[in-house]
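Beneath this line is the structure, given in structure tokens, with notes to follow.
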Amino acid sequence: MAFLCGPRQVGKTTISQNIHSNQQHYRYLNWDNIDDRSTILDGEKKILQHMPLEATLPAKPIIIFDEIHKYKHWKTLLKGFIDSYKGKLHILVTGSAKLNVYRRGGDSLMGRYFLYRAHPLSVGELLKLTVPSQEYTFPQPVPVDIIDNLYQFGGFPEPFVKQNHRFYTRWQTLRQQQIVYEDIRELAQVHELAQLEVLAELLKHQSAHTVVYRELAKKVKVAETTIKRWIHVLEAFYYCFIIRPWTKNITRSLIKEPKIYLWDWSTIVDNGSKLENFVACHLLKSVHAWTDLGFGEYELYFLRDKDQREVDFLITKNKHPWIMVEVKSSAKEPLSRHLLHFQSQVQAEHVLQVAQDLSFVDIDCFSLKKPTIVPLTTFLSQLF
């Protein structure tokens, strides 16, 4: 099986339709559709009705289960399918909440699926027609309008394509209401939805900063433990994500304080925070893609010590430091001393300071072996 996870309205249904458009035998079942739900509840025979399972078929039939994690016994259903019909059909499972978080009843699906994570549009995706066969590609010039519109309207396909401010405003309001008052209410058993929505708004001002749970608890007027639980819920529904400090080989490192970012950077007002969040989303997308496609095990961290020295991002490859990235709005700022300080400790292969205002330069950032200032567009064009 393949599990396709990602935020609401990121394009999972479109991806599913593109996958089965060239298949003669397929079935699309959406748990949110009453008729499809009835079919699912009737069991395997009803689901497989009119679906040929002969081994001689040139292409295996495909069954697509959308939002199936909302069904209490979804794991048992899928386990039965893959155990009974392995090798006879393909199964694609999609959902806008993390399928590996909402596991309800039945045996584990471990070893029965590959996980793929869909992300909003990125610079690299808009420049490439196919999935790269390696971790990065050669740099490509980025049209100014692409980078400007992506930065302004965000990476969710519909507002990015329309590029209409009035539509964008209405779409943003609707999406947040759907996440809080439909998805979270239905699955996460959070009753204080109005207060959770207040927290979601506060996080737009918290982006690219360390999370101080105590201060958020005071503003929302709930317990600190409740804030931690709610942020975990908002993570599960792809509203935000956190990255933690890298602590190995770091003298006087901070251990507990994570930083938080939003999946939709366009909602952030402060330009410095927005820029860092913009880069964070691109890095997270690449980290997930590299891992999901089998290039290795990649993770995203940041660096900070008790002397307040900080580097925005560190990507590890197979648990070893690989790329350090510091984000700046201007190329006039000198190479960060913090980059040099931490590089002496972690020995990352690539150390980059990316500048937003630098014009594209045709240079392979992954060929650089010493700390270097590079254009943001050049670096992002090489990622997924």
Exercise for review: Name the most mobile residue of Pro334, Pro139, Pro245, meaning the one with the largest mean-square fluctuation, in a Gaussian network model of the chain with Cα contacts below 10 Å.
Suggested key: Pro334
Review point. So which residue, out of His338, His165, His119, gets the largest mean-square fluctuation from a GNM of the chain using Cα contacts under 10 Å as springs?
Key: His165
**Study point:** Cα gyration tensor category, rounded, prolate or oblate, for the range 47-199 with a/c compared to 1.5
**Key:** oblate
Revision key, fill the gap. Residue by residue through the range 73-83, the couplings from Karplus 6.51 cos²θ - 1.76 cosθ + 1.60 with θ = phi - 60°, in Hz, x for Gly and Pro, are 9, 5, 5, 4, 4, 5, 4, x, 5, 5, 6
Check your understanding: Where does each of Ser344, Ser273 land when they are ranked from fewest to most other beta-carbon atoms within 10 angstrom?
Key -> Ser344, Ser273
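Once a ≥ b ≥ c are taken as the square roots of the eigenvalues of the Cα gyration tensor of the range 2-117, is the result rounded (a/c under 1.5), prolate (a/b larger than b/c) or oblate (a/b not larger than b/c)?
Numbers: a/c = 1.41, a/b = 1.21, b/c = 1.16.
It comes out rounded by the Cα gyration axes.
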Revision key, fill the gap. Residue by residue through the range 91-96, the couplings from Karplus 6.51 cos²θ - 1.76 cosθ + 1.60 with θ = phi - 60°, in Hz, x for Gly and Pro, are 10, 10, 10, 10, x, 9
Revision key, fill the gap. Counting only residues 5 or more apart in sequence or on a different chain, those whose built amide H sits under 5 Å from that of Asp66 are Leu29, Asn30, Trp31, Thr94
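What is the fewest-to-most order of Arg337, Arg170, Arg244 by other Cβ atoms lying within 10 Å of their Cβ? Don't skip to the answer; put the middle values down first.
Details: Arg337 9, Arg170 12, Arg244 15.
Neighbour counts put them in this order, fewest first: Arg337, Arg170, Arg244.
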**Study point:** Distance from the range 132-156 to the range 214-276 (C-alpha centre basis), Å
**Key:** 25 Å
Study note, to complete from the structure: Filtered hits (lysines, Cα-Cα < 27 Å from Lys45, offset >= 8 within chain) -> Lys12, Lys60, Lys70, Lys72, Lys75, Lys79, Lys86, Lys88
Point to revise | Theoretical ellipticity at 222 nm over the chain - DSSP helices of four or more residues, -39500 (n - 2.57) apiece, nearest 500 | key: -11000 deg cm²/dmol
Review point. What is the Rg over Rh value, at two decimals, for the chain, using alpha-carbon atoms and the Kirkwood definition of Rh?
Key: 0.98
**Study point:** Long-range HN-HN contacts of Leu358 with modeled amide H, under 5 Å
**Key:** Ala331, Leu376
**Study point:** Amide H within-cut-off set for Phe3, under 5 Å, with H built and near neighbours excluded
**Key:** Val93, Phe114, Leu115, Tyr116
Review point. Using the Cα gyration tensor of the range 159-256, with a ≥ b ≥ c the square roots of its eigenvalues, what is the shape: rounded (a/c below 1.5), prolate (a/b larger than b/c) or oblate (neither)?
Key: oblate
Study note, to complete from the structure: Mean-square fluctuation maximum in Gaussian network of the chain, Cα pairs under 10 Å, restricted to Gly124, Gly95, Gly43, hits Gly43
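Since every read-out is calculated from the coordinates, none of them should be taken as a lab result. Everything quoted here is computed from the prediction, not taken from an experiment. Positions of Cβ are generated from backbone atoms using ideal geometry, with glycine treated the same way; all protein chains shown enter the neighbour counts.
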